[in-house]
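Peer 1: Supplied in structure tokens, the structure appears directly below.
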Amino acid sequence: MPDAPFDAFRYAHAHRRQVVWMSQNTNHLVPPQIVREAVDEALRERRYEGYPYAPGDPELLELVQRDLGIAGQAPFLTGGGTESLYMIARALLASGDSVIASDPSYLIIHKFIELAGARTKNLDIYMPPFRLTADRIQEAIEPSTKMILLIDPLNPLGAGYPRAEVKAIAEIAHDHHLLLLNDVTYRDFSYEPTLAAEFAPEQTLTVWSVSKNCGLAGLRIGGFSAPTELRARVAKYNTNDLGVNILAQVAALAAMRTKSQWIHEVVRQTRANYERVVEVATSVEGITVPVHPSWANMTILDIAATGLSPEALQEELLLHHGVFVRSGNYLSPTHGSKFVRVSFSNPPGDLDRFATAFPAAVQQLRARAPAPSAA
Ligand SMILES: Cc1ncc(COP(=O)(O)O)c(C=O)c1O
């Protein structure tokens, strides 16, 4: 039997105590006692024996609504923002519809769009300003266009949208009667966090998450906010009829109650880490960091000039240095072979490991690469 291909996630999970996790934009900087105390108490009370209140903890919903600041839109709770994205695609798109999106992108959303029978029109954004612009969106509109996908800040590029651009894109959605799917998973890291719902409230569905800002990715809780009629149409596709995981709600509540006390430090450290990643990466010949600064907690390192493959670099870093970064191929059909994505809401010790590992891994791969043959 041929060897199974190397499964980086399987390896990384099996060695999780030794691995520095810089591969999934997760957040390892939130003071852990906040969530630990709340979840410990819920475990002691054995709250897991009963179902949660199905619509979600009222205080949690209230805190999320206040945090987003969208008047009159009660948040809908789902198993991560991911479930909201799936429900929205299923409920609002159909065969023949198209969605203006980008490449690179967070491609799971594109998959959900395709499952609904629709297709994405992917605008290439692997060039400055590394995001969509209102002008390009305007040009891309066709009779079949039903929705614009606005991920702000963007995974994987880390670029974000200035307020004026969000406004201009929202106005296009409004003027052309298009839906606007505004995924704001990384909003707390942005330099200009702006919700499209402010400018096009009737068109916009806002997908939010506590995975990245609150460091709760493993608990799988997030949701969406939308005007009443759209909310009702999407809610029909809810599979969590009995409510979202009770421990996830307890943890999210504890995090949201205290967020204002620690989020500034999380963002400060994240931005300092970005500078460190740039310094380390660009000290290696052939590596560039195309997007400056990062408006999220990730960036891409373009390795095309090294001739190395992102998969090889991912594997080398993981197996030999215990540093888990992500190769680009799952994020871009066109450009994925040129970059690795590195996330950095991590403690400084993780960055120390990266600083030693990254140049060493590139050097080791280069030393092993066959010499170019003479013509
Ligand atoms: C743009 C974007 N949206 C949504 C998600 C998923 O978030 P959640 O963990 O809330 O399902 C991610 C996760 O990486 C993401 O990058």
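The values are calculated or read from the model by the stated rules, or taken from the named source; none is laboratory data. Computed from a predicted structure; not experimentally measured. Cβ coordinates were reconstructed from backbone atoms using ideal geometry, including for glycine residues, and neighbour counts include every protein chain displayed.
Peer 1: Which one of these does Trp21 not meet: (1) within 16 Å of the ligand (Cβ to nearest atom); (2) aromatic (Phe, Trp, Tyr); (3) not assigned by TED's automatic domain parsing to the domain that holds Thr299?
Peer 2: Result: Trp21 passes all but (3).
Peer 1: Taking the criterion of being of a type outside the set (A, V, I, L, M), surrounded by fewer than 17 Cβ atoms within 10 Å (Cβ to Cβ) and either within 16 Å of the ligand (Cβ to nearest atom) or farther than 29 Å from Asp302 by Cα (or both), would at least one residue in the range 69-86 satisfy it?
Peer 2: yes
Peer 1: Next question. Restricting attention to the range 188-212, and to residues there that are touching a strand residue (DSSP E or B) at 6+ places or on another chain (Cβ under 7 Å) and not in a strand (DSSP E or B), which single residue is farthest from Ala74 (Cα to Cα)?
Peer 2: By that ranking, first place goes to Lys212.
Peer 1: Read through the list (1) within 15 Å of the ligand (Cβ to nearest atom); (2) under 18 Å from Pro333 (Cα atoms); (3) out of contact with any strand residue (DSSP E or B) (no Cβ under 6 Å at 6 or more places or on another chain), then give the number of the only condition that Glu114 fails.
Peer 2: Only one criterion in (1) within 15 Å of the ligand (Cβ to nearest atom); (2) under 18 Å from Pro333 (Cα atoms); (3) out of contact with any strand residue (DSSP E or B) (no Cβ under 6 Å at 6 or more places or on another chain) is unmet by Glu114, namely (1).
Peer 1: Suppose we keep only residues that are in a loop (DSSP other than H, G, I, E, B) and charged (D, E, K, R) within the range 14-65. Which one would you say is surrounded by the fewest Cβ atoms within 10 Å (Cβ to Cβ)?
Peer 2: Arg17
Peer 1: Being out of contact with any Gly (no Cβ under 8 Å at 6 or more places or on another chain) and of a type in the set (S, T, N, Q) is the filter here, so list the residues in the range 298-316 that pass it.
Peer 2: Of everything in the range 298-316, those that are out of contact with any Gly (no Cβ under 8 Å at 6 or more places or on another chain) and of a type in the set (S, T, N, Q) turn out to be Ser309, Gln314.
Peer 1: Which of the following residues is surrounded by fewer than 22 Cβ atoms within 10 Å (Cβ to Cβ) and in the same structural domain as Gln138 (by TED's automatic domain parsing): Thr194, Thr204?
Peer 2: Selected residue: Thr194, the only one of Thr194, Thr204 that is surrounded by fewer than 22 Cβ atoms within 10 Å (Cβ to Cβ) and in the same structural domain as Gln138 (by TED's automatic domain parsing).
Peer 1: Counting only residues that are of a type in the set (Ser, Thr, Tyr) and touching a residue at least 40 places away in the same chain (Cβ under 8 Å), which one in the range 193-212 is farthest from the ligand (Cβ to nearest atom)?
Peer 2: Our first condition is that a residue be of a type in the set (Ser, Thr, Tyr); within the range 193-212, this holds for 194, 204, 206, 209, 211.
Still in the running and touching a residue at least 40 places away in the same chain (Cβ under 8 Å): 194, 206, 209, 211.
Numbers: Thr194: 16, Thr206: 12, Ser209: 3, Ser211: 3 Å.
Selected residue: Thr194.
Peer 1: Quick check on the range 90-110. Is at least one of its residues over 23 Å from Thr194 (Cβ atoms), touching an Asp or Glu at 6+ places or on another chain (Cβ under 6 Å), more than 16 Å from the ligand (Cβ to nearest atom) and not acidic (Asp, Glu)?
Peer 2: Looking for residues that are over 23 Å from Thr194 (Cβ atoms), touching an Asp or Glu at 6+ places or on another chain (Cβ under 6 Å), more than 16 Å from the ligand (Cβ to nearest atom) and not acidic (Asp, Glu), one finds none in the range 90-110, hence no.
Peer 1: For residues that are among the hydrophobic types (A, V, I, L, M, F, W, C) and assigned to a helix (DSSP H, G or I), scanning just the range 109-136, find the one that is surrounded by the fewest Cβ atoms within 10 Å (Cβ to Cβ).
Peer 2: Leu115
Peer 1: Just name the residue that is nearest to the ligand (Cβ to nearest atom) out of those in the range 213-243 that are in a helix (DSSP H, G or I) and farther than 30 Å from Trp21 by Cα.
Peer 2: This residue is Val234.
Peer 1: Looking at the range 336-351 only, could you name the residues that are surrounded by fewer than 16 Cβ atoms within 10 Å (Cβ to Cβ) and either closer than 19 Å to Glu265 by Cβ or not assigned by TED's automatic domain parsing to the domain that holds Ile303 (or both)? Break it down stepwise before answering.
Peer 2: The first filter runs over the range 336-351 and keeps only residues surrounded by fewer than 16 Cβ atoms within 10 Å (Cβ to Cβ), leaving 337, 347-349.
Passing the criteria: Pro347, Pro348, Gly349.
Peer 1: Moving to a separate point now. Go through the range 339-353 and give me each residue that's within 14 Å of Thr299 (Cα to Cα) and not aliphatic (A, V, I, L, M).
Peer 2: Phe339, Arg341, Ser343, Phe344, Ser345, Asn346
Peer 1: So, in the range 187-208, how many residues would count as being more than 18 Å from His110 (Cβ to Cβ) and within 20 Å of the chain's Cα centre (by Cα)?
Peer 2: 14
Peer 1: Let me ask something additional. Which ones in the range 179-191 are aliphatic (A, V, I, L, M) and either within 17 Å of Val64 (Cβ to Cβ) or surrounded by fewer than 20 Cβ atoms within 10 Å (Cβ to Cβ) (or both)?
Peer 2: Val184
Peer 1: Give just the number: which of (1) outside the structural domain of Gly79 (by TED's automatic domain parsing); (2) on the phi > 0 side of the Ramachandran plot; (3) surrounded by 16 or more Cβ atoms within 10 Å (Cβ to Cβ) does Val266 not satisfy?
Peer 2: For Val266, the failing item is (2).
Peer 1: Return the residue satisfying two criteria in turn: it lies in the range 149-174 and is outside any loop (DSSP other than H, G, I, E, B) and charged (D, E, K, R), and of such residues it is farthest from the ligand (Cβ to nearest atom). Break it down stepwise before answering.
Peer 2: Start the filter on the range 149-174 by keeping residues that are outside any loop (DSSP other than H, G, I, E, B), which leaves 149-151, 163-174.
From what's left, charged (D, E, K, R): 163, 165, 167, 171.
On the way: Arg163: 19, Glu165: 17, Lys167: 21, Glu171: 23 Å.
Step by step, filter the range 149-174, then rank; the result is Glu171.
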